[in-house]
Every structure is written in C-alpha cells, then in structure tokens.
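The values are calculated or read from the model by the stated rules, or taken from the named source; none is laboratory data. The structure presented is a predicted model; accordingly, all values stated were derived computationally and were not measured. For neighbour counting, all protein chains shown are included, and Cβ atoms are generated from backbone atoms with ideal geometry for every residue, glycine included.
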Amino acid sequence: MGAPLPTREEQVQEVVDRLWEEYPDATISLNYETKLELLVAVVLSAQCTDERVNEVSADLFEKYETAADYATASEDELAEDIYGITFHNSKAGYLQGIGEIIVEEHDGEVPDTMSELTDLPGVGRKTANVVLQHAHDVVEGIVVDTHVQRLSRRLGITEEKRPEAIEQDLLPVVPDEEWRDFTHLLISHGRAVCTAQNPDCDDCALADICPSEKGDSDVDLASGDAWS
C-alpha cells in the first residue's frame, strides 16, 4: 500500500507537484472561442465525453453564434443539431432556455457570477465554476467532475462522496492558486492512468503515496469496494 503524507495539505501539494511534472500542459479539453461557446460546451459535456462534445460543437458553433440564436431556435431543431450528445433532448431545452434568459436578463452576455449562472437551465455549481474560471478568470471554487471525485477519494484526500461536499472539503487543503489547475491535473491523470475500472498502478507517479494502490491495498477508496 502506498503511504500518504501525514497531512492532507502535504498530500495535496505532493500530488500537485508530481502531476505537474507528468502533465505540464494540463488544461481544459473542450474547444471554444467565446464565453457563450464555453457555456454551451460545458452544458453539453454533462455525462458525455469532451471528445464527443467537440465533434458536435464544431458545426453547432457555426450555426449558433449568439444567445439569441439559441433563444429563437425550436427545441426540436436544437435536439437535432446536438444529436449524439447524451440526453440531447433535455439539453436542447436547456440551451433554448439559456439563450432566452441571457437575452432577456443579461443583454446577450454570459453572466459572471455564481448565482446568475446557476439560475440558468442545466447549469449547476460545477458548470458555473468552469465558466467562471475560463470565461471570466474568476476562481472561487474547485470543479469536481467524476475524475476529481474518484481520484481525490482514491488518494485519501477526502472521504466525502457527493461532488458538492468534496469541493467544500478540498477548498481548505488545496492552495488557492491551484484551485483551477487541480481539476485539470486530476482529469489528465484519471484519463491516462488512474481510470475508473482498471487503473494502471504499475505506471502511476503517485503509487507510493496512494492508499488505494492495487499492489498492496485490498480496497479502492474511491468506491469503498474491494479490487477485483
């Protein structure tokens, strides 16, 4: 079993330092050029791969350039234009509603506060954090997606289970200046090495400080289940 460092703060700092060495270019993987495109892409990415979102959004962003374009489109048309995205029918409704609210209440501009963003259809705290960080350069939280949820538990940094609770548990121990990049580092490692079903512990830069390391540990702390 890997031996985590004595405090959570030390564990986090070591994880961050090592992952920066492994993934020096870690950043958001969604393609976008405007604040609205980012918002739309993040809404579409819920329970869908970024790769698939990038495929679909390439044509979508050529057709829909403004919030008004989404507001005036029918849900059926939007659903057809994002076909292939998980829950495309529901997300079509979200996009139309987002367009309407941004036009009516924000003069066509993507809002820049957590409360205003989370008032938009289909936008929770995770999505709002991404938009704030990358569209407005406002960092007031940590984005907790499935990779961050899994790795932060697996590495013994948190015992919380829900994304909202995990974020609040991470904020005091992750340095403020690393809040945005902490997410991208864990996502990069989660995709490349520390996958959900079959993590490659033999090729992991964190194995010696990971209490879930398969070589010695019987339990995956991410799920609480025994390794198969």
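Things to note:
- Cβ-Cβ distances below 8 Å connect the following pairs, each with a first residue in region 113-132 that is on the phi > 0 side of the Ramachandran plot, a second residue that is polar (S, T, N, Q) and at pLDDT 95 or above, and a separation of six or more residues or different chains: 122/90.
- Filtering region 186-228 to residues that are closer than 30 Å to residue 140 by Cβ and touching a Phe, Trp or Tyr at 6+ places or on another chain (Cβ under 6 Å) leaves only 188.
- Residues of region 76-90 classified as under 19 Å from residue 58 (Cβ atoms), of a type outside the set (Phe, Trp, Tyr) and not in a loop (DSSP other than H, G, I, E, B), total: 7
Rundown of residues vs (1) surrounded by fewer than 21 Cβ atoms within 10 Å (Cβ to Cβ); (2) more than 18 Å from the chain's Cα centre (by Cα); (3) within 28 Å of residue 37 (Cβ to Cβ), yes/no style:
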position: 133; (1), (2), (3): no, no, yes
position: 137; (1), (2), (3): yes, no, yes
position: 164; (1), (2), (3): yes, no, yes
position: 173; (1), (2), (3): yes, yes, no
position: 189; (1), (2), (3): no, no, yes
position: 201; (1), (2), (3): yes, yes, no
position: 219; (1), (2), (3): yes, yes, no
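For every residue, the table says whether it meets (1) without any contact (Cβ under 8 Å) to a residue 12 or more places away in the chain; (2) farther than 23 Å from residue 132 by Cβ; (3) aromatic (Phe, Trp, Tyr); (4) assigned to a helix (DSSP H, G or I).
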| residue | (1), (2), (3), (4) |
| --- | --- |
| 36 | no, no, no, yes |
| 60 | no, no, no, yes |
| 92 | no, yes, no, yes |
| 109 | no, no, no, no |
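- One residue from 113, 66, 127 being surrounded by fewer than 15 Cβ atoms within 10 Å (Cβ to Cβ), under 26 Å from residue 187 (Cα atoms), out of contact with any Lys or Arg (no Cβ under 9 Å at 6 or more places or on another chain) and not assigned by TED's automatic domain parsing to the domain that holds residue 187: 113
- In this structure, residue 83 does not qualify as under 24 Å from residue 68 (Cα atoms) and crowded, with 21+ Cβ neighbours inside 10 Å.
- Selection status of residue 47, in a helix (DSSP H, G or I) and of a type in the set (S, T, N, Q): no
- When residues in region 143-153 are screened for being of a type in the set (Val, Ile, Thr), touching a residue at least 40 places away in the same chain (Cβ under 8 Å) and touching a Lys or Arg at 6+ places or on another chain (Cβ under 8 Å), 1 of them pass.
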